[in-house]
Amino acid sequence: MTIELLCVGKIKEKYLQSAIDEYVKRLSKFINVKVREISEARVDKHEREADILVALQKEADQILAKLPQAYVIALAIEGETLTSERFSEKLDEIFRFHPGNRIVFVIGSSYGLAGAVKQRADYTMSFSQLTFPHQLMRVIALEQLYRAMKIMHNEPYHK
């Protein structure tokens, strides 16, 4: 089983990278985890809507080019929210019924994800109705994956 986080942008903060590394290490007991980054398209300081759309399309082109044959989950605020237990069940279902045993979570930039990426996704999920910095979202996603694996394997952690 392999889970990949395909993320827009680079992590610059050491504390976030340390947390990411820690959860990847913890998850290695259960699954193979990869975190891949693509470059974030720049938008000038005026942040005009047209410029944002162009940037999102550039990011989408990179994302779509890197998506392997896998079950793709787009992380977006309008996606479905799940409990920790249901998230664990959902992952188990995907691994059992999707050929290839590979799941890719896509985390967009601070502007989100282009519609083309959401359309390519097999599932759109939200961890909260709150807005989180996209760099922090990597840590949150990995922690929730770790929690789901602990639940799936009937190990204590999730309460």
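The values are calculated or read from the model by the stated rules, or taken from the named source; none is laboratory data. Predicted, not measured: the structure shown is a model, and the values here were computed from it. So basically every Cβ, Gly included, is an ideal-geometry build from the backbone, and we count neighbours across all protein chains shown. Side chains are part of the model used for accessible areas, which takes the heavy atoms of the whole protein and leaves out ligands, DNA and RNA. Shrake-Rupley method; radii C 1.70, N 1.55, O 1.52, S 1.80 Å.
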List every residue whose amide H lies under 5 Å from the amide H of Gly79, counting only residues 5 or more places away in sequence or on a different chain, with H placed 1.01 Å from N in the peptide plane. Ser126
Under 15 Å from the Cβ of Ser39, count the other residues' Cβ atoms, weight Lys and Arg +1, Asp and Glu -1, and hand me the total. +2
Please name which of Asn32, Ile94, Val54 has its Cα lying farthest along the dipole of the chain towards the positive end, using unit charges on Cβ (Lys, Arg +1; Asp, Glu -1) and the Cα centre as origin. Asn32
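With every protein chain kept in the model, how would you rank Tyr15, Tyr23 by accessible area, 1.4 Å probe, largest at the top?
Values: Tyr15 160, Tyr23 35 Å².
These residues rank, largest area first, as Tyr15, Tyr23.
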What number, rounded to the nearest 500 deg cm²/dmol, is the helix-based mean residue ellipticity at 222 nm of the chain, given -39500 (n - 2.57) per DSSP H run of at least four residues and division by all its residues? -14500 deg cm²/dmol
Sites matching GluC sites (Glu not before Pro) across the stretch 40-114 that sit in DSSP coil, with at most 16 neighbouring C-beta atoms within 10 Å: Glu47
For the chain, calculate the relative contact order in percent as a whole number, restricting contacts to Cα pairs under 8 Å that are 6 or more residues apart. 33
Cα-centred dipole magnitude for the stretch 1-127, charges only on beta-carbon of K, R (+1) and D, E (-1), debye, nearest 20: 440
